[in-house]
Structure formats: structure tokens, C-alpha cells
1. If you take every DSSP beta bridge whose two residues both sit in the chain, what share of them, in percent to the nearest 5, is antiparallel?
2. Express in whole angstrom the spacing between the alpha-carbon centres of segment 143-185 and segment 42-86.
3. Using a basic spin-label model with each label point 7 Å from the Cα along Cα→Cβ, how many nm lie between ASP50 and ALA163?
4. State whether segment 2-116 is rounded, prolate or oblate according to the following rule on the C-alpha gyration tensor (a ≥ b ≥ c being the square roots of its eigenvalues): a/c under 1.5 gives rounded; otherwise a/b larger than b/c gives prolate, and the remaining case gives oblate.
5. For LYS87, which aspartates and glutamates qualify as cross-link partners when the Cα separation must be under 13 Å and same-chain residues fewer than eight apart are set aside?
6. Pairs of alpha-carbon atoms within less than 8 angstrom and 6+ residues apart define the contacts here; what relative contact order does segment 92-230 have, in percent?
7. Could you tell me which residue out of PHE76, ALA123, VAL46 lies farthest along the dipole of the chain toward its positive end? Charges go on the beta carbon: Lys and Arg +1, Asp and Glu -1, centred on the Cα centre.
8. For every helix of n ≥ 4 consecutive DSSP H residues, a contribution of -39,500 (n - 2.57) applies; sum these over the chain, divide by its total residues, and give [θ] at 222 nm rounded to the nearest 500 deg cm²/dmol.
Amino acid sequence: MRYIIIGLGIYGSNLAKDLTAMGHEVIGADSRPSNVEAVKNYISTVYTFDSTDETALNVLPLTDVDVVIVAIGENFGASVKTVALLKKAGVKKIYARAVDDIHQAILQGMSVDRILTPEQRAAFDLTQEMLLGDTTEALRIAAHHYVMRFAAPEYFFGQKYAALSLHANFGLDLIAVTRPVKSRNIIGISTVTQLPFDWHTDTESRVEDGDIFVCYGSASAFKKLMNYIG
């Protein structure tokens, strides 16, 4: 796929590098020469100009890429004006970064295809990691609902899976479990791999140290679990 990323600060530059590493073509643009200089050896093409200048912006192949990402963060006005100009140019898919609730509300009103909130996501991920351990991974499904993967809390060790009642007690659905399995690789070194564990077939199966829960629920439901086991 082809992407244009406008705004090559910390977030935009890392996004550009990651997409390029995954085999995508990335065209970058930023008004600051230092930001352009920092990424010029990592992405296919990069420009230095003010994206609020309509004439300069139209130098980019705006209608010949899959997604244009406005990664501008601190300059609220530049972000909104850039999105407006992209809309005017007929860009088919626009993702835009929002740094606060007002910024997000305005972008919603402009009907961008996706609003990116990396600061909120990073804060949420860190909160979950601090409460549930550093193996926690979260996927947001909707505004306040997540699928979360985390180490089974010690509180549940020894309890039967059939009697956990996560939904009744916390409003969470346990959708999968993995369990560490020891094996040896082709050169004889002992390794541990997390493999799916079917707790449904054995009503006597119990939670063990090393089990990983994958649960679905609202942010408030996960908070209720954290408060209970904390």
C-alpha cells in the first residue's frame, strides 16, 4: 500500500519507518527541515513544506495513495486546516491524529476516516500493564470496549475454570486461554511456548501459574476486575 504521512515528529516519523519496514511505500512531509532530515534515509520520498499552503500540498500525489495520515500533533490549527485542504482535494481516505478531546471532536465533525489518539492509547496500555503485569496486550474494539490478553491473576490460581464466573462477577467474557508448554527445538534446547488450552472439555481444569487469559469487555469491567484482585 501507499501512504502519505504529513507531520514527521516522533509519532509520524516512527509510523513512517514502521510502515516502510513492513514493505509499504511511504511519502513524508513536514515543515521542519530537521524532521525531514531525520527520516530521509528511511522512507522513499520526503518533502519540506507547510501543509497549510494549498499550492505546496498539491505537489503530493494525494489521490494516488491509499491513505493520507495527518500526524501533526502540537499545532492544532495546522492539523485542522490540513485536513480541510485534503477534503477539498478529494483525498479518498484520511486518518488524523488528535491530541485532546476538542481536537478529536472537530475531526469527528470533519468526518475523517479514522482518528488516531496515540497518547491516550499509550496511557491506557501503561495503566493496564501496571495493574495486570507487563504481559498485558489490549485491542480496542469500540470506544470503551477491549479484547485484552494478560497473565492469569494469582487470585484465580487453583480455581476451576468452570466456576470463575467472570461475566457474572465482572462483566467480562473469557474467550481464550493459553498455557505454557515445554518442548525442545531442533537442536535440543528447551523452550517454552504458549499454546491454546481448551478449558471447556475438562470441567475439572483449574487455573495455573503461567496461564494467559484473553477477555472481552468494557473498560469499566476491566477496572472492576483490577480493583477486586488488587
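Please treat every number below as a calculation from the coordinates, not as lab data. Since the structure is predicted, the reported quantities are computational estimates derived from the model, not experimental observations. All Cβ positions, glycine included, derive from the backbone under ideal geometry; neighbour counts span all protein chains shown.
1. 55
2. The two parts, judged by their Cα centres, are 44 Å apart.
3. Rounded to a tenth, the inter-label distance reads 7.0 nm.
4. Rounded is the answer for segment 2-116, as its axis ratio a/c remains below 1.5.
5. Reachable aspartates and glutamates: GLU54, ASP113.
6. Normalised by residue count, the contact order of segment 92-230 is 24 percent.
7. Going by the Cα projections, it comes out as VAL46.
8. Numbers: 8 runs with 76 residues, N = 230.
Helices in the chain give a 222 nm mean residue ellipticity of -9500 deg cm²/dmol.
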